[in-house]
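*Asks:* Right, I'll just put the structure down here and ask away after.
The values are calculated or read from the model by the stated rules, or taken from the named source; none is laboratory data. Fair warning: this is a prediction, and the values are worked out from it, not measured in the lab. Here the Cβ positions follow ideal geometry from the backbone for every residue, glycine too, while neighbour counts run over all protein chains shown.
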Amino acid sequence: MQCVFVQFRCTPGKTYEVATAIYDREIVSELFSTSGDWDLIAKVYIPDDKDVGHYLSENLFDVPNISRTLTTMTFKAF
C-alpha cells in the first residue's frame, strides 16, 4: 500500500462538517485538524492496484465544502 498525506482547506465555518464527511467514508487512516494554511490533514493508504489520483478523486475529493487540497506522496518510513 502507498501512504499519502492529504491536506484540506475548507469553506470557512465548514471544517467540522468536512471532517465528519471524510471520516464517515472510512477511507483515511488518521484525520487531524491543523493550524496554519490548511484546516485538516489525513493519512491515507492507497491500495497497490489503484492509481493515487483516481483513488483520491473518486473517494475523497468530492466531499462538499473542500476548497483546496494538497497531496504529499511518501517514500520510506523511518
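*Asks:* In the stretch 2-26, what residues are crowded, with 16+ Cβ neighbours inside 10 Å, assigned to a helix (DSSP H, G or I) and not β-branched (V, I, T)?
*Replies:* A19, A21
*Asks:* I would also like to ask the following. When you look at L40, is it under 10 Å from the mean Cα position of the chain (by Cα) and either of a type in the set (D, E) or surrounded by 15 or more Cβ atoms within 10 Å (Cβ to Cβ) (or both), yes or no? Lay out the reasoning, then the answer.
*Replies:* Numbers: under 10 Å from the mean Cα position of the chain (by Cα): yes; either of a type in the set (D, E) or surrounded by 15 or more Cβ atoms within 10 Å (Cβ to Cβ) (or both): yes.
So L40 fits the description; yes.
*Asks:* List every residue pair whose Cβ atoms sit under 8 Å apart, with the two residues 6 or more apart in sequence or on different chains, where the first one lies in the stretch 50-78 and is more than 12 Å from Q2 (Cβ to Cβ) and the second, anywhere, is of a type in the set (F, W, Y).
*Replies:* From the stretch 50-78, the pairs are I66/F8; R68/F8; T69/F8; T69/F61; L70/W38.
*Asks:* Going through D49, D37 one at a time, which residue ends up being at pLDDT 95 or above, in contact with a strand residue (DSSP E or B) (Cβ under 8 Å, 6 or more places away or on another chain), in a loop (DSSP other than H, G, I, E, B) and acidic (D, E)?
*Replies:* Numbers: D49 fails: in contact with a strand residue (DSSP E or B) (Cβ under 8 Å, 6 or more places away or on another chain).
After applying the criteria, what remains is D37.
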